[in-house]
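Working notes for the structure below.
The values are calculated or read from the model by the stated rules, or taken from the named source; none is laboratory data. The structure displayed is predicted, hence computed values, not measured ones. Neighbour counts run over all protein chains shown; Cβ positions are idealised from the backbone, glycine included. Note: accessible area is taken over every heavy atom of the protein model, side chains too, but ligands, DNA and RNA are not part of it. Shrake-Rupley method; radii C 1.70, N 1.55, O 1.52, S 1.80 Å.
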Amino acid sequence: MIYVVATIELAEGKREEFLEAFRQVMPKVHAEKGCLEYTPAIDQETAIPAQPEAREDVVVVMEKWESVSALEAHLIAPHMNEYRSQVKSLVKATRLQILKPA
């Protein structure tokens, strides 16, 4: 099993539009072989000192996959190519962290 933390930086003020498109592709991703978890998250404001300020134009996707090969298949799935084309103008940058249990 692997974990993926995908941090997506969005164009200013485009988070809700991005999340609408994301929620449309979620059922297709959940149906993919090897997908254990795939959900968007946004920063929660708190008074906890160790936490930086909330980022208004960032979505973090929390993912869990059975294997790297399942993730690789996900990345080239036709519905993901279509989704990336749909949100291209909303996304400024994407960073992936691929982790394994320690």
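Mean separation of Cα pairs under 8 Å and 6 or more residues apart, divided by the residue count, gives the chain a relative contact order of 51 percent. For the chain, a simple Cβ point-charge model (Lys and Arg +1, Asp and Glu -1, everything else neutral) yields a dipole of about 360 debye relative to the Cα centre.
Rounded to the nearest Hz, the phi-derived 3J(HN,Hα) couplings of the stretch 58-68 under the Karplus curve 6.51 cos²θ - 1.76 cosθ + 1.60 (θ = phi - 60°) are 9, 10, 10, 9, 9, 10, 9, 10, 5, 6, 5, where x marks glycine and proline.
For Rg and Dmax of the Cα atoms in Å, which listed value, (1) 14.1, 42; (2) 13.3, 36; (3) 16.5, 65, comes from the coordinates shown? Identified label for the calculated read-out: (1).
By a 1.4 Å probe calculation restricted to protein chains, R15 has an accessible surface near 40 Å², given to the nearest 10. Simple spin-label estimate for K64 and A11 gives 3.5 nm between the two label positions (7 Å along the Cα-to-Cβ direction from each Cα). The modelled label-to-label distance between I48 and L96, using points 7 Å beyond Cα along the C-beta direction, is 2.7 nm.
Of the whole protein surface, I42 contributes about 80 Å² of accessible area at a 1.4 Å probe radius. Each part reduced to its alpha carbon centroid, the stretch 75-99 and the stretch 34-69 end up 15 Å apart. Phi angles of the stretch 23-32 translate, via the Karplus equation with coefficients 6.51, -1.76, 1.60 and θ = phi - 60°, into HN-Hα couplings of 5, 6, 8, 3, x, 5, 5, 4, 7, 5 Hz per residue; Gly and Pro are given as x. In straight-distance terms, cross-link reach from K64 covers every one of the lysines whose alpha-carbon lies under 25 Å from its own, apart from those fewer than eight places away in the same chain; here that gives K28, K33, K88, K92, K100. Within the same chain, aspartates and glutamates fewer than 8 places from K14 are excluded, and of the rest, those with a Cα less than 13 Å from its Cα are E56, D57. Residue ranking by accessible heavy-atom surface, 1.4 Å probe, largest first, among T7, T94 comes out as T94, T7.
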